[in-house]
Amino acid sequence: MNPLLLDIPLQLETERLILRAPLQTGDGEIVNQAIRDSFYELKAWLSLFQELPTVEETEIMLRNAHINFLKRESFRFLIFDKGGGKDFIGTTSLHGIDWDIPKCEMGYWINTKYSGNGYMTEAVKELANFGLNHLAFKRIEIRCESRNFKSRFIPEKLGFIFEGTLRNEDLSADGSKLTDTCIYSKIN
């Protein structure tokens with residue numbers, strides 16, 4: 001089946017969270033504020049956040065993510081607390097999709113003020129289940145910089161298999177040195 005014909009929900013829910021596609025005008029503002037709140041933590045691990053983006057740049061990034069969602073090239077979800085305020089917590093995505101296998105990679109980042117509450121583990125678990133069960137992916141891979149222990153904890157807690165470490169495989173987020181990449185996977 002052509003992936004464009006797949007019925008993909010724009011929202012997923014867990015006990016505490018709502019994961020929804022970035023499609024509402026104004027999402028750029030709330031995501032940009034979370035980037036600002038978490039800039040130093042994000043800058044350490046993600047090359048995308050070496051400079052603070054403007055609200056407009058964040059809005060464009062999210063609109064492009066929605067276009068890629070519609071094209072079935074990646075599925076980025078914004079994570080919100082279901083509780084009273086519906087606070088924005090972070091993002092998680094399925095990307096690097098190869099529909100021939102089918103397989104993908106998974107990524108995530110959290111607003112620092114929500115870290116340590118299990119929210120990201122809950123969101124990643126839901127999205128992995130969605131990828132394996134709804135989309136019938138045969139493999140979901142999570143790649144983490146070897147020193148990013150908080151990020152590595154998530155696939156380890158969720159039962160992803162540690163497949164190994166690729167030494168000198170990537171550049172640090174700031175591009176200043178070589179880093180090692182840990183690979184985890186779940187297969188169907």
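At-a-glance table
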{"read-out": "Pairs with Cβ under 6 Å, 6+ apart, first in region 173-184 and in contact (Cβ under 8 Å) with a residue 12 or more places away in the chain, second outside any strand (DSSP E or B) and small (Gly, Ala, Ser)", "value": "ALA173/SER47; THR179/SER172; ASP180/SER146; CYS182/SER146"}
{"read-out": "Number of the condition not met by GLN24 [criteria: (1) touching a Ser or Thr at 6+ places or on another chain (Cβ under 8 Å); (2) open to solvent by 80 Å² or more (accessible area, probe 1.4 Å)]", "value": "(1)"}
{"read-out": "Residue tally, condition assigned to a loop (DSSP other than H, G, I, E, B) and not acidic (Asp, Glu), over region 1-38", "value": "15"}
{"read-out": "Odd one out for PHE160 among (1) in contact with a Pro (Cβ under 9 Å, 6 or more places away or on another chain); (2) open to solvent by less than 20 Å² (accessible area, probe 1.4 Å); (3) not basic (Lys, Arg)", "value": "(1)"}
{"read-out": "Residue check, LEU48 part of a loop (DSSP other than H, G, I, E, B) and open to solvent by 70 Å² or more (accessible area, probe 1.4 Å)", "value": "no"}
{"read-out": "Among (1) on the phi < 0 side of the Ramachandran plot; (2) in a strand (DSSP E or B); (3) surrounded by fewer than 18 Cβ atoms within 10 Å (Cβ to Cβ) - the single one CYS144 does not satisfy", "value": "(3)"}
{"read-out": "Per-region count, region 147-157, residues of a type in the set (D, E, K, R) and surrounded by 14 or more Cβ atoms within 10 Å (Cβ to Cβ)", "value": "2"}
{"read-out": "The lone exception for GLY164 - which of (1) more than 18 Å from the chain's Cα centre (by Cα); (2) closer than 20 Å to ALA44 by Cβ it fails", "value": "(2)"}
{"read-out": "Strands (runs of 3 or more DSSP E) wholly inside region 51-125 that include at least 1 residues being charged (D, E, K, R), surrounded by 18 or more Cβ atoms within 10 Å (Cβ to Cβ) and within 15 Å of the chain's Cα centre (by Cα)", "value": "75-81, 103-110"}
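The values are calculated or read from the model by the stated rules, or taken from the named source; none is laboratory data. This one's a predicted model, so the numbers in the text were calculated from it and none came from an experiment. Methodologically, a virtual Cβ is constructed for each residue, glycine included, from the backbone with ideal geometry; neighbour enumeration extends over all protein chains shown. Keep in mind that these areas ignore ligands, DNA and RNA; they rest on the heavy atoms of the full protein, side chains included. Shrake-Rupley method; radii C 1.70, N 1.55, O 1.52, S 1.80 Å.
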